[in-house]
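> Pasting in a structure now, in structure tokens, and then I'll have a few things to ask.
Read-outs: derived from the displayed coordinates by stated rules, not from any lab. Remember, predicted model here, so these are calculated numbers, not experimental data. Cβ coordinates were reconstructed from backbone atoms using ideal geometry, including for glycine residues, and neighbour counts include every protein chain displayed.
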Amino acid sequence: MNRRELLKKSVIASLGLSFTPGLLVSLESCAKERPTTEQPVYLAEEQFDAIWQMAELILPQTDSPGAHEAGVTPFIDQLFGQYFEEDEKTKHEAGLRKFLANCMDQYEKSFVDLDQEKQLDYLRTLDKEKHPDSFFKSIKQIILWSYFTSETGMRSMNYLPVPGRYNGCITIDKNEKNLIGNR
């Protein structure tokens, strides 16, 4: 090997070493990202992310705020950790584990990794179950309750908490949101 070849190979090696960190960063960015930056307190990350995704599919943001803006998933995380009785907590955690395991068996991917259409198909299938105590029906009720009792949910319904005079026959403009309570 002559001096010219040695110099050429050393330049190529040094360029390769200088590009390695950028290559590693770009490969790392291809890793699975969480659907939310919020951190769970009581639930496992996979469980928290699955509930977050379910809530977003059940109550997406439209012209009114969705489940994410109402803080539904962190609230459910607090419910699981601080307010559920032990038997209720155990029942819901077992249902959530079964929900995730069935999804993995059926689609060979975790619920969060599925594309949105498959997630919706999976949830629709679970929603058609006849058993009233199914996990999905229970968590769906909790998601809806969490949303509609939040300040954001009440504002989206145009809720008037202080009762005023009762107006029995009122006209409703087509562009007006439905009112809950009296005007």
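> Each label point is 7 Å from the Cα along the Cα-to-Cβ direction; what then is the distance between the points at Glu88 and Lys130, in nm?
Label-label distance for Glu88 and Lys130, simple model: 2.9 nm.
> Right, something else. Near Ala44, within a Cβ-to-Cβ distance under 10 Å, what is the net charge of the other residues, with Lys and Arg +1 and Asp and Glu -1?
-3
> Along the Cα→Cβ direction, 7 angstrom out, place labels at Val41 and Glu108. What is the inter-label distance in nm?
Result for the modelled spin labels: 4.0 nm.
> Grab the Cα-Cα distance for Lys98 and Gln61, subtract it from 0.36 nm times how many residues apart they are, and report the gain in nm with one decimal. Mind showing how you got there, number by number?
Values: separation 37, 0.36 × 37 = 13.32 nm, distance 2.79 nm.
Taking Lys98 through Gln61 to full extension adds about 10.5 nm, to one decimal.
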